1. For residue 212 paired with residue 343, estimate the spin-label separation in nm (one decimal), with each label point 7 Å from Cα along the Cα-to-Cβ line.
2. If you build a Gaussian network model of the chain, linking Cα atoms that sit under 10 Å apart, which residue out of 307, 348, 169 swings the most?
3. Take 88, 333 and order them by how many other Cβ atoms sit within 10 Å, fewest up front.
4. With a 10 Å cut-off between alpha carbons and a GNM built on the chain, which of 148, 244, 131 moves the most?
5. Convert 4 °C to kelvin, take the viscosity as 1.567 mPa s, use the Kirkwood radius over C-alpha pairs of the chain as Rh, and evaluate the Stokes-Einstein diffusion coefficient in µm²/s, rounded to a whole number.
6. With the Cα gyration tensor of segment 269-368 giving a ≥ b ≥ c as the square roots of its eigenvalues, does the rule (a/c under 1.5 for rounded; else a/b larger than b/c for prolate; else oblate) give rounded, prolate or oblate?
7. Please state the Cα pair-distance histogram of segment 197-254 with 10 angstrom bins from zero: what percent is in each bin?
8. Within a 10 angstrom radius of the beta carbon, how do 243, 359 rank from fewest other beta carbons to most?
């Protein structure tokens, strides 16, 4: 197990948010993490104004166009970003959005308001490319989170294929421990087809399971997840489709927890059934800790621990400094290590799948 680098970011929690868009919980499932330990980052820093034309911190306005705050990850992230922004003296604004239309409207409002930097949770590149260009034409820096857009001023996220592969690899480890080479398992995918980055994530875990499992894998069903409500519906339908269920894999914990809820209500489970997803939400950790739980694995991203870094990157952009593309780490949570992690909230207790790394804009765009 790899050891973490020195801790640089502290998670602090205080809500502060601007205009809110209403809607159900089915959009922008994002990535989630309740952990409080910093996975190790290269801090871009927030240099004090030099007196040589840099914008003073008190004059900087940073706007975050996020997913809905009914999603645990966005709520925790906004809390931490708000607290740190207040600490260093910059203005931080947040508009939670249920879909691309709401995000476009929020960006237009922030462009009109003349903020310095827009951080945008990008689900669909095609939808957010024009708002990015409009912001840049107005002299506003555009910082993409989750999915990069060619020409953006900065990016933070994960390689979503790698993220999906890690979810699938976690599941494949369980399959290979519990099924023989001649067996057939029946697998189901809780996906989210309307978000580009989540389609990529799903392809990652499907490929990993197909390649890494020693037995035969039959994909017997797929349905939209992303939220608990969607997951409940998916789970209920799968129980009625007439085929066995051995493995459920999803793009995030929220949807898969809904599947778990449906299975529990039907009294369905057993040693040959498992659910795997990603984000390491607090509810997922709790589900894994239940006796005889079929919720057998999730993947930690450490997103909230990077909240201060999001603000630091934005400050640098506002002060005219070149920024990079940042990629977070990934860790496996399994029945063997979940209790230790639940007690410590420290990724050092987990097996690391992917380390944090950075690319220059030129390197990232060349690799795209």
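1. Here the modelled spin labels are 2.7 nm apart.
2. Looking only at 307, 348, 169, the biggest GNM fluctuation is shown by 348.
3. Arranged by neighbour count, lowest to highest, 88, 333 become 88, 333.
4. 244
5. The estimated diffusion coefficient comes to 62 µm²/s.
6. prolate
7. Result returned by the calculation: 20, 51, 28, 1.
8. The fewest-first ordering by Cβ neighbours comes to 243, 359.
Only the coordinates and a few stated rules stand behind these numbers; no lab work does. This is a predicted model, so every value here is computed, not measured. We place every Cβ from the backbone using ideal geometry, glycine too, and count neighbours over all the protein chains shown.
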